[in-house]
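Worksheet: one structure, shown below.
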Amino acid sequence: MNSEIDSPKPFSIAPWRATAFIRLFGIFKVPLIWYVRPKVIELNGERVVIKIRLRRRTKNHLNSMYFGTLAIGADIAGGMLAIMMLREMGVDVSFVFKDMKGEFLKRPEGDVLFTCSDGPAVRELVNRTVQSKDRQNLPVTITATCPDKSGDQPVARFVLTLSLKKTSV
C-alpha cells in the first residue's frame, strides 16, 4: 500500500486560490458555476465553506435565493473536498453526484454560506476508491445558512451521494 494515500494529511488551501480554481472550472466546464460567482471562504481537510451572494442573477421573483442557485452551491460544497483531495494525491479518479435530496427550511433572503464538514469521510472514500476497481459512494451533507438574516439557523439542508471511480489508464 502507498503510505501517501493511507496517511490522513490535512491540507489547507488559500481561499483566493480555491476561488480562482472553481471559477476557472466554471468558465471551461460548467458555465452556471461561473455565472453565480461562488467564493471559497474556507477549504481544508475537515470542511469547506462556499459563499454565493444574493444579487439579481441569483435570486427569484420573491427576492430570495433561487433554488437552482442553492443546488449549485450545494454541488460545489459537496465536490470541492473530493476535488482537492484527488488533486493533492495526484490520482486519476472520476466523480459524479448520483442523487440529491434537498430540504428547504426558510427563504434565504441574503448571501448564503454552504458548509460541508465531511472531510474525513471524503478522504476515506478517496482512499477506498484508489485501492478498489469498483465505484464507491458516500452521502455528503451540506448545510446552507444565511448569516445576515437567519444567523446560524439553516435555510436548507442537502444530502448528495458522491460517487467516485478510479479511471483506467
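The values are calculated or read from the model by the stated rules, or taken from the named source; none is laboratory data. Not measured: the values here are computed from a predicted model. Every residue, glycine among them, receives a Cβ derived from its backbone with ideal geometry; neighbour counts consider all protein chains shown.
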Which condition from (1) part of a loop (DSSP other than H, G, I, E, B); (2) modelled with pLDDT under 95 is the one that LYS149 breaks? (1)
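Among the listed residues PHE95, PHE114, PHE67, which satisfies the condition of being touching a Gly at 6+ places or on another chain (Cβ under 8 Å), aromatic (Phe, Trp, Tyr) and within 16 Å of VAL40 (Cβ to Cβ)? Spell out how you get there, then give the answer.
Numbers: PHE95 fails: within 16 Å of VAL40 (Cβ to Cβ); PHE67 fails: within 16 Å of VAL40 (Cβ to Cβ).
Only one candidate qualifies: PHE114.
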Could you check, for segment 132-140, whether at least one of its residues is in contact with a Gly (Cβ under 6 Å, 6 or more places away or on another chain) and not basic (Lys, Arg)? yes
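With LEU125, LEU138 as the choices, which residue is surrounded by 15 or more Cβ atoms within 10 Å (Cβ to Cβ) and part of a strand (DSSP E or B)? Walk me through how you get there before you give the answer.
Values: LEU125 fails: part of a strand (DSSP E or B).
Going through LEU125, LEU138 in turn, the sole match is LEU138.
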Across segment 139-169, what is the total count of residues that are out of contact with any Lys or Arg (no Cβ under 9 Å at 6 or more places or on another chain) and within 16 Å of GLU46 (Cβ to Cβ)? 1
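State the number of residues belonging to segment 62-112 that are under 11 Å from the mean Cα position of the chain (by Cα) and not β-branched (Val, Ile, Thr). Step through it out loud before you land on a result.
Quick first cut of segment 62-112, residues under 11 Å from the mean Cα position of the chain (by Cα) only: 71-84, 97.
Applying the additional criterion that residues be not β-branched (Val, Ile, Thr) yields 71, 73-75, 77-82, 84, 97.
Total satisfying the criteria: 12.
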